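Q: Here you go, one structure.
Coordinate-derived values only; no laboratory data. Predicted model only: the values in this text are computed from it and were never measured. Neighbour counts are summed over all protein chains in view; Cβ atoms, including those assigned to glycine, are modelled from backbone coordinates with ideal geometry.
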Amino acid sequence: MLFTCSNSAHKHAHAPAADHGQTVTDGKKHFTVDIHCHVHVSEADAMLADFKSADQSSYSIDNNAASAAINRQQHLNILDKLTDPAVRIADMDACGIDVQAISPAPAHYHYAYEAGFARDTAHVVNDRIAEICAQHPDRFVGMCTVPLQDADIAVAELDRCVNNLGMRGVEISTNVNGQDLTRAGLEKFFARVEELGVVIFMHPIGTSYKERMADHYFRNTIGHPLESALAVGHLVFDGYLETYPGLKICIAHGGGYVPAYSGRFDHPYHLRDDCRAMISKPPSEYVKKLYFDTVVFTEHQLRYLIETWGADHIIMGTDYPYDMAETDPVGHVDSVRGLSDGDKALVMGANAAALLGLEVPSAN
C-alpha cells in the first residue's frame, strides 16, 4: 500500500525560506509540523546482513505469515518515500506540512545486538538523517536513535547527535529487549536528555505479548498502544517523571491507552500503598507532563485528547509513510468541533516548534 495524501485541498506552493530556516506556505493560516514520520536507511540494513551473533528471535515482530508478507511488500512499495527526500517533500506539499521532524524507522533501534555494533549502525542512520536535514533545512529537523542496551554508549551517541549533528530529539522504544525503561539502567540517559533539553519521541515496535497477538495485525493495532501504556505506567509509577521533571516526552499514536483511561491510574492511588510508593502526586499529574500526537484517526478521540490534556500538549503527526498513517493530518485537526484557531495553531505546529526549538515564522 502506498501513502497518498487524502486531501488535495491542502496542496500549496512554498514561500521563500525565512532567515531562520523555516517556511510558512502561501495561503495557509498555520505553520505545520509533523512530529511523527520515519526515515529508513538501507545502508544500515546491509550492515545487519553480515552480523550473525544477535538473537534474532527476540527481535521478531511478525509471527503471522500473512502479516509478515504484507509488511515486506509494503516496505518495497514505500521505499522511495522512506529514503528519497524529493518524494517526501512532494508528499509534504500535498498534505500541507511545512516541516517534518524525521525519526528513524523503528526497525533501526537494534537493541538486540551487541551495543558497540548497534552504535555503529546508529551512526549510519543518524548521519543520514543529519544529511537530509542539512540539505533541506527549511523542511526537516532530525531526531536520532541510540543503543539503549548500554547507557554509556547511548549517552555518547546522544551527545554526538545533539552537539555535532544538530539533532533536536531522540526516538526510543517502549522497552529494551523486554526490560521496562525504568528497570534497564537508563538513569544517566534520562538525566542527560533532561540536561540537553531535547525531546524524547517514544514509539513502540511490535509487542512483548506475542502469543495472543499473532493474528489480524494485533501486534500493531493492539500491541502498540498497549506497549505505550505500559511504558507510560512505569515512567509514572516508578517516579521517573518526578525524578526528571524537565523531560519532554511525546508518545506516539495518541499516547496509547493511558490518555483515554487515566482514571484507572488515579483511583487506586488514593486507596493503596503499592500505587503511591514512589510518587507524591496522583498519577494523572505526571501524565499531564507528557505530549501526545494526533495519530488517533477519529475526530471524537482527538477532541477528547485536546479537551482532557490541553491543546498545548497535543502535537500533529502522521506516521508517514506507513499504512497506519493519518493521510490528512491538517484536515484531521481542522475536523475537531469547537477548536479555536489559536488551539489549531498550537496543535498543527506551534507545540512542536516549541519542543524542537524552531521559530514559528509569520504567516504571509
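Q: Out of the residues in region 123-160 that are part of a helix (DSSP H, G or I) and of a type in the set (Lys, Arg), which is nearest to ILE89 (Cα to Cα)?
A: Here the residue is ARG128.
Q: From PHE237, PHE218, which residue is closer than 16 Å to THR182 by Cα and surrounded by fewer than 23 Cβ atoms within 10 Å (Cβ to Cβ)?
A: One residue alone meets the criteria, PHE237.
Q: Report every pair of residues separated by at least 6 positions or lying on different chains whose Cβ atoms are under 7 Å apart, first residue within region 67-83 and in contact (Cβ under 8 Å) with a residue 40 or more places away in the chain, second part of a helix (DSSP H, G or I).
A: Close Cβ pairs (under 7 Å, with a partner that is part of a helix (DSSP H, G or I)) amount to LYS81/VAL87; LYS81/ARG88; LYS81/ASP91; THR83/SER42.
Q: Considering only residues of region 170-186 that are on the phi > 0 side of the Ramachandran plot and small (Gly, Ala, Ser), which is surrounded by the fewest Cβ atoms within 10 Å (Cβ to Cβ)?
A: This residue is GLY178.
Q: The conditions are (1) without any contact (Cβ under 8 Å) to a residue 60 or more places away in the chain; (2) not in a helix (DSSP H, G or I), and MET324 fails exactly one of them. Which is it?
A: Of (1) without any contact (Cβ under 8 Å) to a residue 60 or more places away in the chain; (2) not in a helix (DSSP H, G or I), only one is false for MET324: (1).
Q: Out of VAL125, VAL146, report the one residue that is hydrophobic (A, V, I, L, M, F, W, C), within 24 Å of ILE315 (Cα to Cα), buried (at least 20 other Cβ atoms within 10 Å of the Cβ) and within 21 Å of the chain's Cα centre (by Cα).
A: VAL146
Q: Here is a follow-up. Residues in region 159-183 that are touching a helix residue (DSSP H, G or I) at 6+ places or on another chain (Cβ under 8 Å) and closer than 19 Å to ALA252 by Cβ: how many?
A: Selection size over region 159-183: 12.
Q: I would also like to ask the following. Here are ASP312, ASP343: which of them is surrounded by fewer than 17 Cβ atoms within 10 Å (Cβ to Cβ) and farther than 30 Å from LEU79 by Cα? Lay out the reasoning, then the answer.
A: Details: ASP343 fails: surrounded by fewer than 17 Cβ atoms within 10 Å (Cβ to Cβ).
Every option except ASP312 fails the conditions.
Q: While we're here: Can you run down the residue pairs with Cβ atoms below 8 Å, 6 or more apart or on separate chains, where the first is in region 106-122 and assigned to a loop (DSSP other than H, G, I, E, B) and the partner is surrounded by fewer than 20 Cβ atoms within 10 Å (Cβ to Cβ) and of a type in the set (D, E, K, R)?
A: ALA112/ASP55
Q: Does region 285-300 hold any residues that are over 20 Å from LEU339 (Cα atoms) and in a helix (DSSP H, G or I), and which are they? Show your work before the answer.
A: Quick first cut of region 285-300, residues over 20 Å from LEU339 (Cα atoms) only: 285-287, 289-290.
Matches in region 285-300: GLU285, TYR286, VAL287.
Q: Got a sec? Which of ALA68, ALA112, ALA101, ALA90 is surrounded by 20 or more Cβ atoms within 10 Å (Cβ to Cβ) and small (Gly, Ala, Ser)?
A: On inspection, the qualifying residue turns out to be ALA101.
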